[in-house]
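K.L.:
Mind looking over this structure? Questions follow.
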Amino acid sequence: MAVPPLPDMTELLDASPRFAADPGLRDHARLWLAWGPPARERVAAEAAELARPSLRPATLRAVGRTGVELARGVSPGLKEDAVRRVTEGPLEQGASVRHLQELVKAGGSTYIKLGQFVATAQGLLPDQWVDAFGWCRDTATPLAPGEAEARIEDRFEVPLDRIFTEFDPEPIGAASIGQVHAATLPDGRPVVVKVRRPGLRGQFARDLRSMALAAAAAEKASKSARVANLSGFVELFAGLVLEEIDFRFEALNQVEIALASEAAGQDFVSVPSPIPHLTREDVFVMTRAEGVPYDRALDAYPDVVDGERLLQLAVTGTLEHMIAYGIFHGDLHAGNVLIDPRGDFSLIDFGIAGRIDAEQRAATVQFVVGFARNDTVMQLKGLQQFGAVPPGADLDDLARQLEDQLNAVDPSLLAREGDFTVDKLGQALGSILKLLAAEGFHLPKELVLFFKNLLYLNGFAASLAPDTNLFTQIEPTFTYFVAKYPDELAQIMSDV
């Protein structure tokens, strides 16, 4: 039986009261929805090409230019370790991690972005790598004073005071890709302005070619590098970065997630709106979101924050975007999930989003139901349908390996005894990811983003609902979905 189709975003747009109230945004959104699929195909093709190791002149030039820039930052550590090899023998893995840290510090925006991705890849990469790059999360140098204003004026070819009645020259935040400023439109709306760093696209392309060649060399020399699938990681990173540096993708992501939230009746989620005439590849203006990062919410709004309510809404909201609409925010760390003065959510920074098709949606449902039923084989069947496990794999043998891993971590994970905390959820997902990596299986991008979001629940629960037992969340979550989407779930599960 064919799986049920996903909702059509253009049909949701036509039926949307939110977008009907802003015809200019609605008309631009219709164009973005048509532009998105072929644009994403072009990015995927470019990412695959950049991540393909090559000895062509363009790649060698890229490696050479990158090497010159990095040499001064990395060479002292290399010299020190060369001496240690002679005097003490082969280096431990910690030395390799230290070299990577030096590389990131010396390499600029691309490598800082890589370090940030590593720092949020718990379960996807070795734990010591994740811990070693935690410092990258808050590492970015602001643009020189006046540079953001000059780039905005150059992009729109008019003076800044004709675009905004107010513009704060002090950035709200600076990141590896760009920085954000507060401003006010002539109609009085408060907005934020995102400005990309100059020369970023060429720099990223050059550095990605270098990373691809380095990853291929590392995999030939190191079993641990092969197990970690560094080449696949470079291609995944390339695809994410190439979309994130084109702000038109972020505008489209905002539109689609806003449509999904509205259609689902998620009145507890606020999503900014793009300002269409001020949206370009390297400059992006959007309405300003209210709230503070969730890890500061209890201090900011102690009288309105209900941690257990918010955790339940976070679980159902994340799942509903993905399995009901095939679109979800791909980077739900604390800085991108705000709690507003009413005790609800405001989401920001839509540079990374996941999109799945109807078949992948069915696979996700199968995995989630398998997890809820404590059925390891069903979970693996879902991952297989998603493309993370090869068709010919022995699922019973993989299930035994996974259950052995889970029992080694904590026997209560399989026994479902005691409290099932979000921390234990992270341990369970981490075990799945490590098993897939050890078997040499490749995780599709969307599955990586979905798992990362589930792992982000660790931090969310630790901040707002640290004592919640997730066993008590499973039944109301499934009751919600069965009541709201009975036909779709029945059709998907009929093939299981």
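K.L.:
May I ask you to derive the FRET efficiency for ALA393 and ASP299 from their Cβ-Cβ distance with R0 = 51 Å, giving the value to the nearest 0.05?
P.N.:
0.60
K.L.:
Shifting gears a bit: What part of the accessible area of segment 430-496, given as a whole %, is carbon or sulfur when the probe is 1.4 angstrom? List each step's numbers first, then the result.
P.N.:
Details: 1680 of 2870 Å².
About 58 percent, which is the carbon plus sulfur part of the accessible surface.
K.L.:
Sticking with this one: Go ahead and run the numbers for FRET between ALA462 and ASP267, Cβ-Cβ distance against an R0 of 30 Å, rounding to 0.05.
P.N.:
Values: r = 26 Å, r/R0 = 0.88.
Approximately 0.70, to the nearest 0.05.
K.L.:
So, one more: Determine the gain in length on full extension of the stretch VAL482-ARG373; use 0.36 nm per residue of separation and subtract their C-alpha separation, reporting nm with one decimal.
P.N.:
On the way: separation 109, 0.36 × 109 = 39.24 nm, distance 1.49 nm.
Full extension of this stretch gives 37.8 nm more.
K.L.:
Once you put a point 7 Å from the Cα of GLU417 and another 7 Å from the Cα of ALA144, both along the Cβ direction, what distance in nm separates them?
P.N.:
Result for the modelled spin labels: 6.6 nm.
K.L.:
For ASP396, ASP303, what's the largest-to-smallest order of accessible area, 1.4 Å probe?
P.N.:
ASP303, ASP396
K.L.:
Right, something else. Starting from the Cα-Cα distance between ASP187 and ALA358, subtract it from 0.36 nm times their residue separation and give me the gain in nm to one decimal. Intermediate results must be reported in sequence, preceding the final value.
P.N.:
Values: separation 171, 0.36 × 171 = 61.56 nm, distance 4.13 nm.
This chain segment gains 57.4 nm when fully extended.
K.L.:
Could you tell me what percent of the accessible area of segment 169-326 is made up of carbon and sulfur, with a 1.4 Å probe and every protein chain present?
P.N.:
Numbers: 2900 of 5580 Å².
Here it works out to 52 percent.
K.L.:
How would ARG309, ARG197 line up by accessible area, probe 1.4 Å, largest first?
P.N.:
Working: ARG309 90, ARG197 30 Å².
Ranking ARG309, ARG197 by accessible area, largest first, yields ARG309, ARG197.
K.L.:
So if R0 is 35 Å, what FRET efficiency would ALA438 and ALA45 give, r being the distance between their Cβ atoms, rounded to the nearest 0.05?
P.N.:
Working: r = 30 Å, r/R0 = 0.86.
For ALA438 and ALA45, the calculated efficiency is 0.70.
K.L.:
Given that compact globular proteins tend to follow 2.2 N^0.38 Å, what is the ratio of the alpha-carbon Rg of segment 219-376 to that value? Walk me through the intermediate numbers first.
P.N.:
Numbers: Rg = 18.0 Å, N = 158, 2.2 N^0.38 = 15.1 Å.
In units of the globular-protein estimate, segment 219-376 measures up at 1.19.
K.L.:
Which whole-Hz ³J(HN,Hα) couplings does segment 38-49 yield from phi under the Karplus relation 6.51 cos²θ - 1.76 cosθ + 1.60, θ = phi - 60°, glycine and proline marked x?
P.N.:
With coefficients 6.51, -1.76 and 1.60, one gets x, 5, 5, 4, 5, 5, 4, 5, 5, 4, 4, 5 Hz.
K.L.:
For a 21 Å ceiling on Cα separation, which of these pairs sit above it: LYS194/LYS445; LYS113/LYS194; LYS424/LYS452; LYS424/LYS484; LYS381/LYS445?
P.N.:
Going by Cα-Cα distance, LYS194/LYS445; LYS424/LYS484 fall outside the 21 Å limit.
K.L.:
What is the Å³ per residue value for the convex hull set by the Cα atoms of segment 312-448?
P.N.:
Values: hull volume 16.4 nm³, N = 137.
It comes to 120 Å³ per residue, whole-number rounded.
K.L.:
Using the scaling law 2.2 N^0.38 Å as the reference, what is the normalised Cα Rg of segment 427-496? Could the numbers behind the result be given before it?
P.N.:
Numbers: Rg = 15.5 Å, N = 70, 2.2 N^0.38 = 11.1 Å.
For segment 427-496, the normalised Cα radius of gyration is 1.40.
K.L.:
Is any residue of segment 275-291 close enough, with backbone N under 19 Å, to a label point placed 7 angstrom from the Cα of LEU160 along the Cα-Cβ axis, and if so, which?
P.N.:
278-280, 282-288
K.L.:
Which whole-Hz couplings ³J(HN,Hα) result when phi for each residue of segment 475-481 is put into the Karplus expression 6.51 cos²θ - 1.76 cosθ + 1.60, θ = phi - 60°, listed in order with x for Gly and Pro?
P.N.:
4, x, 5, 6, 4, 4, 6
K.L.:
Right, another one. Read phi for every residue in segment 185-202 and hand back ³J(HN,Hα) as whole Hz from Karplus 6.51 cos²θ - 1.76 cosθ + 1.60, θ = phi - 60°, with x for Gly and Pro.
P.N.:
7, x, 7, x, 6, x, 9, 10, 10, 9, 10, 7, 5, x, x, 5, 5, x
The values are calculated or read from the model by the stated rules, or taken from the named source; none is laboratory data. All figures in this text were calculated on a predicted structure; none of them were measured in a lab. Cβ atoms come from the backbone with ideal geometry, glycine included; neighbour counts cover every protein chain shown. Just the protein is used for accessible areas: all its heavy atoms, side chains included, with ligands, DNA and RNA removed. Shrake-Rupley method; radii C 1.70, N 1.55, O 1.52, S 1.80 Å.
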